[in-house]
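Everything on this sheet refers to the single structure shown next.
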Amino acid sequence: MITTGSVLTLFLAKAFGGYMLAAGLSGLTMRKRWVKIIDEMKASAAISYLAGIVVFAIGCCVVGFHSFWTDPLAVLITLIGWGAILEGVLFLVMPGLILQYSASLLRPAAVPFIAGLAGGAGLALFIVGLFGRVS
């Protein structure tokens, strides 16, 4: 049983885990949709800029309210927040780089692995959030 110091850690583990699971399943079942999303973001500076703002803001909220370094799960959640900040900044200042990297992950041979990894990690994180306890 995983224990952590905050109810917020468990909530965010469920939220991020559910998101990652849904993204993984989406990647496995709707690869063409993901390719279209990346193509549309490449074609529209406004869409990629807005994506950067949203991801940056989410990361700032996570880090602002959950900057806990007390246990492994709390550290993971905090690092996810910092990762979102970094991703948001990259979308804002180097959108071509992050979109090129994202497109490379959507190669037909890579999609099952990447989507399966995201879905599996998401399921694990969701379960930890669901059954974890606050100490």
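In table form, for the structure just shown:
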{"item": "Hits in segment 1-49 (condition: closer than 25 Å to Ser67 by Cα and touching a Pro at 6+ places or on another chain (Cβ under 9 Å))", "result": "Ile2, Thr4"}
{"item": "Set Ala51, Ala22, Ala43: member being surrounded by 13 or more Cβ atoms within 10 Å (Cβ to Cβ) and over 23 Å from Gly129 (Cα atoms)", "result": "Ala51"}
{"item": "Residue within segment 102-113 that is surrounded by fewer than 16 Cβ atoms within 10 Å (Cβ to Cβ), among the hydrophobic types (A, V, I, L, M, F, W, C), at pLDDT below 95 and outside any helix (DSSP H, G or I) present", "result": "yes"}
{"item": "Qualifying residue in segment 117-127 (condition: modelled with pLDDT of 95 or more, in a helix (DSSP H, G or I) and of a type in the set (Val, Ile, Thr))", "result": "yes"}
{"item": "Odd one out for Trp69 among (1) assigned to a helix (DSSP H, G or I); (2) in contact with a helix residue (DSSP H, G or I) (Cβ under 7 Å, 6 or more places away or on another chain); (3) aromatic (Phe, Trp, Tyr)", "result": "(1)"}
{"item": "Residues satisfying the stated conditions in segment 54-77, i.e. more than 16 Å from the chain's Cα centre (by Cα) and loosely packed, with under 15 Cβ neighbours inside 10 Å", "result": "Gly64, Phe65, Ser67, Trp69, Thr70, Pro72"}
{"item": "Meets criteria (aliphatic (A, V, I, L, M), over 22 Å from Leu130 (Cβ atoms) and modelled with pLDDT of 95 or more) for Ile77", "result": "no"}
{"item": "Qualifying residue in segment 15-38 (condition: in contact with a strand residue (DSSP E or B) (Cβ under 7 Å, 6 or more places away or on another chain) and either assigned to a helix (DSSP H, G or I) or over 18 Å from Ala110 (Cα atoms) (or both))", "result": "no"}
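The values are calculated or read from the model by the stated rules, or taken from the named source; none is laboratory data. Everything numeric in this text was worked out from a predicted model, so none of it was measured. As a convention, Cβ positions derive from the backbone with ideal geometry for all residues, glycine included, and neighbour counts pool all protein chains shown.
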